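The values are calculated or read from the model by the stated rules, or taken from the named source; none is laboratory data. These numbers come from a predicted model, not from an experiment. Cβ placement follows ideal geometry from the backbone for every residue including glycine, while neighbour counts extend to all protein chains displayed. Accessible surface is based on the protein model in full, side chains and every heavy atom, while ligands, DNA and RNA are left aside. Shrake-Rupley method; radii C 1.70, N 1.55, O 1.52, S 1.80 Å.
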Amino acid sequence: MYKSLIRPLLFKFDPEEVHHFTFSLLKNFGFLAKLLLPKPITDKRLEREVFGLKFKNPVGLAAGFDKDAKLFNELSDLGFGFIEIGTLTPKPQPGNEKKRLFRLKEDSAIINRMGFNNGGVDEAIKRLKKNKNVLIGGNIGKNKVTPNEEAVNDYKICFEKLFPYVDYFVVNVSSPNTPNLRELQEKKPLTELLSTLQNLNLEKPKQKPILLKIAPDLTDEQLLDIIDIVKDTQIAGVIATNTTLSRENLTSENKSEMGGLSGKPLTKRSTEVIRFLSEKSGKAFPIIGVGGIHSAQDALEKLEAGASLVQLYTGFIYEGPELINEINKAILKQKI
Ligand SMILES: Cc1cc2nc3c(=O)[nH]c(=O)nc-3n(C[C@H](O)[C@H](O)[C@H](O)COP(=O)(O)O)c2cc1C
């Protein structure tokens, strides 16, 4: 029903407007979605224990969709096993100028240059207090006005404030839309950032898993560095991958827009990154696989490549909420 009826209607309008519209629909008429959509699959065999947390199923919502933690209860009702909120920054910020979100229909893709638009960590916390038992990842970043030399402080603020309200953390240094942010993926600043956060974590009576989210545009050499850094700092794992700067083989009108590309053109590369990290590290840490999952098969390939869990964003927009059940059904069938 989504692809034949709802999507054609939604895709007639500006993507960011549609995002806000569907948000308020789900917020106010979430019960209708529950009535109309197939019931989410629950099955003991879908449960996963990864980095010490219990997931009801391995299909999560990727960061950027519910940046401000406004809809995680309703999104979880659609069947997601976990919801990642953010990227949140210490202070609220408007993000880049509109228009900043583009559909590439012919390529089943999106280009975005949102630029961490969010209401700030304090506002999100107010809403997280209303969590009805949803497993939440807290994706954190730095404000645009904070220079890279002071970035650690922004991550520390978000980490400390969010600590009581999220189940795991994601350190986002891989968005292409905050100037120079990706430079923090280099060995020295990244080791400093992650060890600072991990030290704060170790001061807590009970630690929370810290994951690093990486770009798909890293070279093999940089990926090998990432493996060393994850091992050295003993963080819990990696999310692979964020959006790409690559523009290979695109046909849609919007293909030259600036920003990060997500969706089908990213499927292969993000799976490659997962496989590389898994093989070269000797499966030393769990990986959450994200990037261009538009079908159950895409998700199975990421799990087979070494991911323990998967996340959706662009595939959720193009294929609809039914995709969650499709993936979970396929996992049950394959007995993964
Ligand atoms: C509009 C949009 C906004 C995003 N915002 C964030 C963000 O704030 N933080 C983040 O870590 N990733 C963000 N992402 C990246 C996604 O979480 C995901 O890593 C990426 O889109 C690849 O997955 P996909 O092909 O399933 O969309 C965003 C993606 C899109 C399309």
* To do: Evaluate the Debye formula for the stretch 2-334 with equal point scatterers sitting on the alpha carbons, no solvent, and hand back log10 of I(q)/I(0) at q = 0.11, 0.12 Å⁻¹, in q order, two decimals.
  => -0.65, -0.78
* Among Pro179, Asn148, Tyr168, pick out the residue whose Cα is farthest towards the positive end of the charge dipole of the stretch 147-186, where Lys and Arg carry +1 and Asp and Glu carry -1 on C-beta, about the Cα centre. => Tyr168
* Asked: What whole number of Å gives the distance from the Cα centroid of the stretch 184-210 to the Cα centroid of the stretch 62-82?
  -> 25 Å
* Structure fact -> Reduced to Cα centres, the span from the stretch 321-336 to the stretch 150-171 in Å works out to 32 Å
* Asked: If you look at just the Cα atoms of the stretch 220-336, how large are its Rg and its Dmax in Å?
  -> 14.9, 44
* Structure fact -> So for the stretch 18-101, using the alpha carbon gyration tensor with a ≥ b ≥ c as root eigenvalues (a/c under 1.5 gives rounded; past that, a/b versus b/c decides prolate or oblate), I'd call it oblate
* To do: Rounded to the nearest 500, what is the 222 nm mean residue ellipticity of the chain from helices alone, with -39500 (n - 2.57) per DSSP H run of 4+ residues and division by all residues?
  => -11500 deg cm²/dmol
* Each label point is 7 Å from the Cα along the Cα-to-Cβ direction; what then is the distance between the points at Glu97 and Arg7, in nm? -> 3.3 nm
* Structure fact -> With the charge dipole of the stretch 2-334 built from beta-carbon charges (+1 for Lys and Arg, -1 for Asp and Glu) about the Cα centre, the Cα from Ser308, Val134, Gly260 projecting farthest to the positive end belongs to Val134
* **Average projected area [Cα convex hull, the stretch 130-213], square nanometres** => 5.8 nm²
* To do: Could you calculate the FRET efficiency of Gln334 with Glu49 from 1/(1 + (r/R0)^6), where r is the beta carbon distance between them and R0 is 22 Å, rounded to 0.05?
  => 0.70
* Structure fact -> hull vol. (C-alpha, convex hull) per residue for the stretch 219-265, Å³ -> 93 Å³
* Asked: If you take every DSSP beta bridge whose two residues both sit in the chain, what share of them, in percent to the nearest 5, is antiparallel?
  -> 30 percent
* Along the Cα-to-Cβ line of Leu224, 7 Å from the Cα, sits a label point; which residues in the stretch 172-193 have backbone N less than 18 Å from it? -> 186-188
* To do: Rank these residues by their accessible area, most exposed first, probe 1.4 Å: Glu253, Glu160.
  => Glu253, Glu160
* What spacing in nm lies between the two simple spin-label points modelled at Lys283 and Asp122, each 7 Å away from Cα in the Cβ direction? -> 4.6 nm
* To do: Using a cut-off of under 14 Å, list every residue of the stretch 282-301 whose amide N is near the label point 7 Å from the Cα of Ala33 along the Cα-to-beta-carbon line.
  => none
* Relative contact order (%) - criterion: Cα under 8 Å, at least six apart; region: the chain -> 18 percent
* To do: Report the net charge of residues surrounding Leu224, where surrounding means a beta-carbon distance below 13 angstrom and charges are Lys +1, Arg +1, Asp -1, Glu -1.
  => -3
* Starting from the Cα gyration tensor of the stretch 37-166, multiply each eigenvalue by 5, take the square root, and state the resulting semi-axes largest first in whole Å. => 27, 21, 13
